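K.L.:
Below are the structure tokens for one structure; questions will follow.
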Ligand SMILES: C[S@@+](CC[C@H](N)C(=O)[O-])C[C@H]1O[C@@H](n2cnc3c(N)ncnc32)[C@H](O)[C@@H]1O
């Protein structure tokens, strides 16, 4: 069906009488949409479906409990014929034509004077899609556009940012207040950030970025977005935490929407708590958007579940930055070390002393989800030498315990039944 002859427009029906003929579920859906637009809905139908009855019982529309009469058309600005009866719908459409009133005929799309598009509303943006007369196709396209607007992949905010600039120049009256969002960016893959985090990033005026996390997304920001790099490496903090806190507060108090884009989750060895407190102490609105922590996701990228029925019921995540203390006992209690490469030789004896033999499996996954992801697997007895020989470097996650045996990358002498293969776990290198 060609759509070149369609003329898209948006009707403002607030306070205007409209007519819906039919009491079924389609009629109810259309009536609801018209009510949402503020129209006064007159609904004509001898009987009502449950959703239509709910609208009538709530007093949201006027129900005429009878068959359609031509006089019903008199004051309507817009008509929906959805009676489930082609003869009745045709009569309604014909009366509307005589009356010069736009009518959607649900039993004859081909001859209908108007079509109902698939609609999505995201904040103050309405998207209406017609797709060659195929409602399923229109709905699929509508859903994709709505998802892209929600995620920030489509620029929902460009216009809003423009409006803010107007306000800053004193030309508008929009209320605008700075804020900070501590966004967990996940372990590095651009599509492992949450939808909320992605959207806030797309709306940001200022992004305070880490060394880890989805740095590729910084390339997607507009040229007017200020990016402040504060990345740390183990033992090397070019911008101290107190200065990072001060930057967040300063930029927000200047009226900017600040995103603090962090690797993994902001509250897992990420000092997000300190940043949130600094914002609160200085009267800055702050929200925390959780992220996919490397502690769980990076092992998964090597095919290692941190718990696995029959192998481990619990896991403990520990910073390897300082010497280990009080490590839980046993191969069946997985230990995940972040920042653990530099201290590995001191951690190994502590882990072994906590009820693990030198044959306890260990995996080190470097650059999880990156192009150069690499996995080194050995045991508590061999891993230090293997790491030295392979020049293993941070960022890396160390996994200790029997769960390592599940990885398709585990050597035959350590392996147990796999749940995948190198081919089936696409993220593995
Ligand atoms: C300061 S901690 C931050 C952890 C982060 N907040 C999280 O939830 O994943 C940094 C450590 O996380 C680990 N890490 C983060 N991303 C990683 C990645 N993509 N691959 C391997 N290790 C990673 C490394 O152990 C690194 O030294």
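K.L.:
Dividing the Cα radius of gyration by the Kirkwood radius, what Rg/Rh value follows for the chain?
P.N.:
1.15
K.L.:
Using a Debye calculation, one point per C-alpha and no hydration shell, please list log10 I(q)/I(0) for the range 176-292 at q = 0.11, 0.12 Å⁻¹ in order.
P.N.:
-0.29, -0.35
K.L.:
Additional query: Rounded to the nearest 5, what % of DSSP beta bridges with both residues in the range 176-292 are antiparallel?
P.N.:
10
K.L.:
On to the next question. Evaluate the relative contact order of the chain (contact order divided by residue number), counting alpha-carbon pairs under 8 angstrom at least 6 apart; express in whole percent.
P.N.:
Relative contact order for the chain comes out at 10 percent.
K.L.:
On a full-extension model of 0.36 nm per residue, what is the gain between residue 413 and residue 191, subtracting their alpha-carbon distance, rounded to one decimal in nm?
P.N.:
So the extension gain works out to 76.4 nm.
K.L.:
May I ask you to give the average projected area over all directions of the convex hull of the Cα atoms of the range 30-87, in nm² rounded to one decimal?
P.N.:
Result: a mean projected hull area of 4.1 nm².
K.L.:
If you don't mind, another one. With springs connecting C-alpha atoms under 10 Å apart, model the chain as a Gaussian network and identify which of 269, 13, 380 has the largest mean-square fluctuation.
P.N.:
Of the options given, 13 has the highest mean-square fluctuation.
K.L.:
Relative contact order for the range 1-116: what is it in percent, counting Cα pairs under 8 Å that are at least 6 residues apart?
P.N.:
RCO, the range 1-116: 24 percent.
K.L.:
How compact is the range 295-406 by the rule of thumb for globular proteins, expressed as Cα Rg over 2.2 N^0.38 Å?
P.N.:
Its radius of gyration relative to the 2.2 N^0.38 Å reference: 0.93.
K.L.:
How long are the three semi-axes of the equivalent ellipsoid for the range 227-277, computed from the Cα gyration tensor as the root of 5 times each eigenvalue, in whole Å, largest first?
P.N.:
Semi-axes, largest first: 18, 13, 10 Å.
K.L.:
Among bridges DSSP assigns within the chain, what percent are antiparallel (round to 5)?
P.N.:
35
K.L.:
Calculate for the chain the 222 nm mean residue ellipticity that helices alone would give, adding -39,500 (n - 2.57) per DSSP H run of length 4 or more and normalising by residue count, nearest 500 deg cm²/dmol.
P.N.:
Helix contribution divided over all residues of the chain: -8500 deg cm²/dmol.
K.L.:
Please report the antiparallel percentage of DSSP beta bridges with both residues in the range 287-381, rounded to the nearest 5.
P.N.:
Approximately 55 percent, going by the DSSP bridge assignments.
K.L.:
Would you mind getting the Kirkwood hydrodynamic radius of the range 1-116 from its Cα pairs, rounded to one decimal in Å?
P.N.:
Answer for the range 1-116: a Kirkwood hydrodynamic radius of 14.0 Å.
K.L.:
Kindly express, to the nearest 10 degrees and within the range 0 to 90, the angle between helix 86-99's C-alpha long axis and the longest C-alpha principal axis of the chain.
P.N.:
Result, in degrees: 70.
K.L.:
Now for a different question. With the contact rule set at Cα under 8 Å and sequence spacing of 6 or more, what percent relative contact order holds for the range 176-292?
P.N.:
Once divided by the residue count of the range 176-292, the mean separation gives 44 percent.
No value in this document is a laboratory result; all are computed from the given coordinates. Remember, predicted model here, so these are calculated numbers, not experimental data.
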